[in-house]
Each structure stands twice: as structure tokens, then as C-alpha cells.
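Following: one structure in C-alpha cells, then a few remarks.
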Amino acid sequence: MIAKNKDGVNVDFADIINFSLWLGVLAAPHLYRTIKRQVDPRHLTSLMDIWVAYVERGDCYWDRSKSTLKRLAQRAPLARKLRALIAAWTPPGLPAEITETARALLDAEGLSPPNGRGWDELEFDFEGDPMEDMLPWPEGIPARLRREKTGRDCAEDEAEGGKGEG
């Protein structure tokens, strides 16, 4: 059983939702190539650990009707495989096997690109913000949310020697 927050929501809910953005980026190499920051596989591996625990519990935070029982049963093996691939990965290149496994995991989860597009046509519109500003990074909340909350971004905080809020 997973712990709940004061509102009765699983404590990993935000991590799972936020990491689904990373899965979308790994499933769409053209989006991955827009990231200018160095991707740290250790960070993604720690997020995958949360995802593996989530699927092994049998939780599903999306509409289960968009998947089949067979695909839902594939989530844990696919999550463990993707975790192993990420742990062995040396960026900057994105291996095709990571992309294929991320796509299969998202499909098993019942998630697909909107408007009937394929993963190679996936686009995120964040009102002009770069993709990387919406992703969870080791320093905490995504840069866009940090700017909305504090009026500052990670670069400003790092220039002053701090990690900022998050």
C-alpha cells in the first residue's frame, strides 16, 4: 500500500504524471533532440524506480479503458526493461531501443499522442517555453513552474550559488 498525502492522493501521483512527459520525450526523438541540457540517466533511473513501483502495485492513473488487460499486464516488464536501458545509457544520443520501449510502455499504459498523431509527429505546446523547461530535472520542479512560483529560473538561482526552491 502506498502512502497518501493529506488530500488522500497517492504520494507518487505528481512524480508519475510529470515523468510521463519524460516518457513522451523518450518516445519522440525529435523532441529529445531539442533539449539543450545534459540528460543524466541516473536522474531518469530514479524516476523509473518510482514508475516501476507504480506499475507493480497495479495502479493506473489514466483511463484504463484506453488499454487492454494484455497491455496492462505488460507495463511492469516494459518498465523494468526501460529502467535497465536508461541505466546503461550514455547520452547524448538516444538509442532506438529506448524510444521503442518508451513507446510500448506508454501504449501499455493507454497513452498515445493526441489527435491521432504518431510519436514522430508529437508536439507539446507550452506557450513558447522550450520542452526542457517542462521536464522534471534533478534540481526540483520544472523551470516553467519555478518561474511562475518565484519569478526566477534555475540559471538565476545557480548564478547566486543556490538551488532555489523545489
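The values are calculated or read from the model by the stated rules, or taken from the named source; none is laboratory data. Worth saying up front: this structure is predicted, and the values here are computed from it rather than measured. Reconstructed Cβ throughout: ideal geometry from the backbone, glycine too, with neighbour counts over all protein chains shown.
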Of those in segment 51-72 that are surrounded by 14 or more Cβ atoms within 10 Å (Cβ to Cβ) and among the aliphatic types (A, V, I, L, M), the residue modelled with the lowest pLDDT is 72
Close pairs from segment 29-48: first assigned by TED's automatic domain parsing to the domain that holds residue 88 and surrounded by fewer than 16 Cβ atoms within 10 Å (Cβ to Cβ), partner part of a helix (DSSP H, G or I) and not small (Gly, Ala, Ser), Cβ under 6 Å, at least 6 apart: 34/131; 37/132
Quick one: is residue 98 under 16 Å from residue 19 (Cβ atoms), assigned to a helix (DSSP H, G or I) and free of Cβ contacts under 8 Å to residues at least 60 places away in the same chain? no
Let me spell it out: the conditions are (1) assigned to a loop (DSSP other than H, G, I, E, B); (2) more than 19 Å from residue 104 (Cβ to Cβ), and residue 62 meets all of them except one. Which number is the exception? (2)
Given the conditions (1) modelled with pLDDT of 90 or more; (2) surrounded by 13 or more Cβ atoms within 10 Å (Cβ to Cβ), and given that residue 88 satisfies all but one, which numbered condition is not satisfied? (2)
Selection from segment 28-58 of residues closer than 20 Å to residue 71 by Cβ and under 10 Å from the mean Cα position of the chain (by Cα) yields 48, 51
Being outside any helix (DSSP H, G or I) and crowded, with 17+ Cβ neighbours inside 10 Å is the requirement here; does residue 25 meet it? no
